[in-house]
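Here the structure is laid out as structure tokens; the discussion comes afterwards.
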Amino acid sequence: MLLKIDNLNAGYGFLQVLRDVSLKIDKAEYVSLIGPNGAGKSTTLKTIAGIIKPMSGQILFDGQDIGGLSGNKVTRLGISFISEEMNLFTNMTVRENMMMGAYTIREKTAKNRLLNFAYALFPRLEERQNQLAGTLSGGERKMLGIGRALMADPKLLLVDEPSFGLAPQLTDQVFDSLNTLRKEGKTILVVEQNVTKALSMTDRGYVLENGRIDLEGPSEELADNAHVRKVFLGV
Amino acid sequence: MLNSFFKSVFAWLKSAGGITVTIAVILMVVCTWDRGPYILVNTVVTGGMLGLVAMGLAIILGVLNIAQFAHGEYFMIGGLTAYYVIRPLHGYLDAHPNAFLAMVAPFIAMILAALVGGLAGAVTERVCFNPLRKRSRANWVMNSFLLTVGISVILVNGHQLLFGADFKGITHYWPGVVSIANVFMSIDRVMAFILALVIVIGFWVFMKYSRTGQAIRAVAQDEMGALMVGIGLDWIMVLTMAIGCAMAAVAGASLLFMYPSYPTVGLEPLYMAWFVVILVGLGNVMGALIGGFMVSLLKVLTLEYFGAGWEFVVPSVIIILVLIFKPSGIFGSEVRGVLDQ
């Protein structure tokens with residue numbers, strides 16, 4: 001089991017958002033976390049990534065308890081978090097952003113290999129490599145966000161709402177790239193508001209409502225589930 | 001290709017930054033021709049040092065988002081350290097002006113000043129700002145600013161308590177003058193300028209090409225992003241504060257022959273550095289260097305044409321105008337975080 005979360009309680013300051021959340025992800029799985037706005041999906045990712053400290057509960061990554069570790073240490077252990085806002089370095093070029101993504105990688109050959117892999121996945125980034133990140137379009141920013149996260153050679157990718165604010169065509173492109181990563185053997189946990197898309201691409205899903213896991217199971221089954229269909233798909 | 005270079009230079013010249021720099025250069029040339037080369041010399045020497053102090057302030061503002069109002073105290077610490085290195089040796093140095101120690105002692109004083117200043121900065125960050133950051137980020141700019149006021153009081157009075165309130169100065173570092181293009185300048189002034197140049201170049205190379213320097217720039221631009229790529233924020237914060245304070249300390253040390261050290265000597269460099277930082281845009285580090293020369297020029301010209309006592313008036317008026325008409329500074333602010341919090 002690559003990632004195992006048991007009874008996680010977390011929130012911001014005094015506001016508790018997650019209540020007894022448990023989930024698990026195996027190596028090379030592609031899992032989605034869906035739910036309505038405010039359910040706590042982003043909070044879940046941020047707590048795993050070390051940006052928020054858990055109030056109680058356990059997060060085991062590769063057998064190691066990572067609950068409470070700061071974000072940079074979590075990255076070093078092999079988890080890359082791609083936030084909704086991307087958090088790009090706006091005054092650095094695309095290439096500089098990518099190289100900063102490889103901050104934890106020491107050997108030059110490894111850095112170059114990772115860069116070539118990312119550029120192969122997103123040729124647009126290579127075209128614009130000397131452009132300042134702050135001047136990129138929305139879709140390009142998403143690509144850079146994902147590309148930069150890949151530069152750390154992660155075992156687990158946490159992706160927060162990759163299709164948010166994107167035109168449908170670009171949404172497809174982003175999800176295609178995640179699919180490619182999945183084929184390369186990467187483990188991915190994706191938080192998505194676009195439930196149809198999320199359930200069609202992933203293996204398994206968890207449904208989060210009001211900070212609790214309501215439903216879980218194979219994505220196909222969730223897509224057919226009556227509750228899911230009523231609440232999210234308006235059917 | 002040359003054509004596009006000239007085009008971009010021309011475009012820059014039309015911006016607020018370009019216009020101001022052009023006016024400054026013209027003013028300097030005209031006034032040097034009018035009143036003599038010491039205008040140029042004074043501007044360049046004090047400008048380089050003010051640039052160093054302002055760069056230190058800019059980087060602390062940009063990376064840690066701290067409105068550092070105790071920055072002048074690190075200038076004071078630098079001067080103090082250099083004083084206590086040189087003073088005991090003064091008798092020996094005067095008697096043996098050609099000894100190896102006479103050449104090297106000022107460098108030792110300045111290096112030691114940088115180290116002590118840097119250490120003071122690191123300790124300040126660890127003891128004062130790190131706990132505050134861990135506790136709460138709400139109202140960060142205001143809270144950290146209030147903290148710096150307290151730090152200033154402690155450092156100023158600490159100096160007085162431990163070392164007394166007298167002026168601690170030296171007459172010179174290296175005796176003698178040198179003549180460049182028929183203008184006589186004391187060696188101290190020339191060395192101060194060369195030192196500033198060396199430090200600035202080293203700093204620029206460090207920030208642009210070294211892994212740590214890039215990490216510092218990343219933290220300044222997006223803290224969360226830096227955390228996400230694996231940069232340890234605590235370490236970067238301590239290091240940046242140490243670097244910023246060390247730069248102020250070196251400036252204080254190398255100008256000891258001009259500014260003797262006493263408890264409140266840091267006040268003027270502090271105000272001047274803040275003028276520079278506001279003028280060029282908060283957090284703009286390389287702009288702060290150019291701004292240092294411009295504010296220095298302003299001060300030298302005010303002294304020359306208006307007389308002593310007006311030194312703070314003219315820069316203050318300029319700052320008020322800048323804040324009214326171009327609050328992001330003439331070169332533009334690079335700090336996202338400070339204004340958004």
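Couple of notes before you dig in:
- Residue within segment B:294-317 that is closer than 30 Å to B:Ile111 by Cα and among the basic types (Lys, Arg) present: yes
- Screening A:Ser42 with (1) within 14 Å of another protein chain (Cβ to nearest Cβ); (2) farther than 22 Å from A:Asn210 by Cβ gives one miss only, at (2).
- Criterion violated by A:Arg95 - all others in (1) within 24 Å of A:Ile25 (Cα to Cα); (2) within 14 Å of another protein chain (Cβ to nearest Cβ); (3) not polar (S, T, N, Q) satisfied: (1)
- Residue check for A:Leu150: more than 14 Å from chain B (Cβ to nearest Cβ) and not aromatic (Phe, Trp, Tyr): no
- Checked against the criterion of being hydrophobic (A, V, I, L, M, F, W, C) and under 18 Å from the mean Cα position of the chain (by Cα), segment B:121-135 contains one or more residues that satisfy it.
- Unique residue being at pLDDT below 90 and either surrounded by 14 or more Cβ atoms within 10 Å (Cβ to Cβ) or aromatic (Phe, Trp, Tyr) (or both) when the list is A:Gly67, A:Gly63, A:Gly13: A:Gly67
- Looking only at segment B:254-311, and only at residues there that are assigned to a helix (DSSP H, G or I) and small (Gly, Ala, Ser), the one that is modelled with the lowest pLDDT: B:Gly287
- Test result for A:Leu136, surrounded by 17 or more Cβ atoms within 10 Å (Cβ to Cβ) and assigned by TED's automatic domain parsing to the domain that holds A:Gln16: no
Here is a yes/no grid of residues against (1) hydroxyl-bearing (Ser, Thr, Tyr); (2) within 23 Å of B:Leu195 (Cα to Cα); (3) buried (at least 24 other Cβ atoms within 10 Å of the Cβ):
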| site | (1), (2), (3) |
| --- | --- |
| B:Ser8 | yes, no, no |
| B:Trp12 | no, no, no |
| B:Gly17 | no, no, no |
| B:Thr22 | yes, no, no |
| B:Ile26 | no, no, no |
| B:Gly51 | no, yes, yes |
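- Residue within segment A:68-80 that is aliphatic (A, V, I, L, M) and more than 20 Å from A:Ala152 (Cα to Cα) present: no
- Residue list for segment B:203-234, filter: free of Cβ contacts under 8 Å to residues at least 40 places away in the same chain, in a helix (DSSP H, G or I) and within 9 Å of chain A (Cβ to nearest Cβ): B:Arg211, B:Gln214, B:Ala215, B:Arg217, B:Ala218, B:Met224, B:Gly225, B:Ala226, B:Leu227, B:Met228, B:Leu233
- Inside segment A:98-113, residues that are touching a Gly at 6+ places or on another chain (Cβ under 8 Å) and more than 8 Å from chain B (Cβ to nearest Cβ) make up a count of 1.
- Residue count for segment B:114-141, restricted to those that are modelled with pLDDT under 90, more than 16 Å from B:Val63 (Cα to Cα) and among the hydrophobic types (A, V, I, L, M, F, W, C): 1
- One residue from B:Leu155, B:Leu162, B:Leu132, B:Leu146 being part of a helix (DSSP H, G or I), touching a residue at least 60 places away in the same chain (Cβ under 8 Å) and either hydrophobic (A, V, I, L, M, F, W, C) or surrounded by 11 or more Cβ atoms within 10 Å (Cβ to Cβ) (or both): B:Leu155
- Note on segment A:164-188: residues that are surrounded by fewer than 22 Cβ atoms within 10 Å (Cβ to Cβ) and outside any helix (DSSP H, G or I) total 7.
- A single member of B:Ala82, B:Ala95 is more than 14 Å from the chain's Cα centre (by Cα) and free of Cβ contacts under 8 Å to residues at least 40 places away in the same chain, and it is B:Ala95.
- Exactly one residue out of A:Val74, A:Val21, A:Val31 is crowded, with 19+ Cβ neighbours inside 10 Å, closer than 22 Å to A:Pro218 by Cβ and under 17 Å from the mean Cα position of the chain (by Cα), and it is A:Val31.
Every residue, every condition in (1) at pLDDT 95 or above; (2) over 25 Å from B:Tyr271 (Cα atoms); (3) not in a helix (DSSP H, G or I), yes or no:
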site	(1), (2), (3)
B:Ile151	yes, no, no
B:Trp174	no, yes, yes
B:Phe184	no, yes, yes
B:Val190	no, no, no
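- Pairs meeting the criteria (first residue in segment A:132-146 and without any contact (Cβ under 8 Å) to a residue 60 or more places away in the chain and over 17 Å from A:Leu121 (Cα atoms), second residue of a type in the set (Val, Ile, Thr) and surrounded by 24 or more Cβ atoms within 10 Å (Cβ to Cβ), beta carbons under 9 Å, at least 6 apart or on different chains) are A:Leu132/A:Val94; A:Ala133/A:Val94; A:Leu136/A:Val94.
- Leading residue by the ranking (surrounded by the most Cβ atoms within 10 Å (Cβ to Cβ)) among those in segment A:204-235 that are at pLDDT 90 or above and closer than 27 Å to A:Leu121 by Cα: A:Gly205
The values are calculated or read from the model by the stated rules, or taken from the named source; none is laboratory data. Bear in mind that the values here come from a model prediction, so they are computed numbers and not experimental data. Neighbour counts are summed over all protein chains in view; Cβ atoms, including those assigned to glycine, are modelled from backbone coordinates with ideal geometry.
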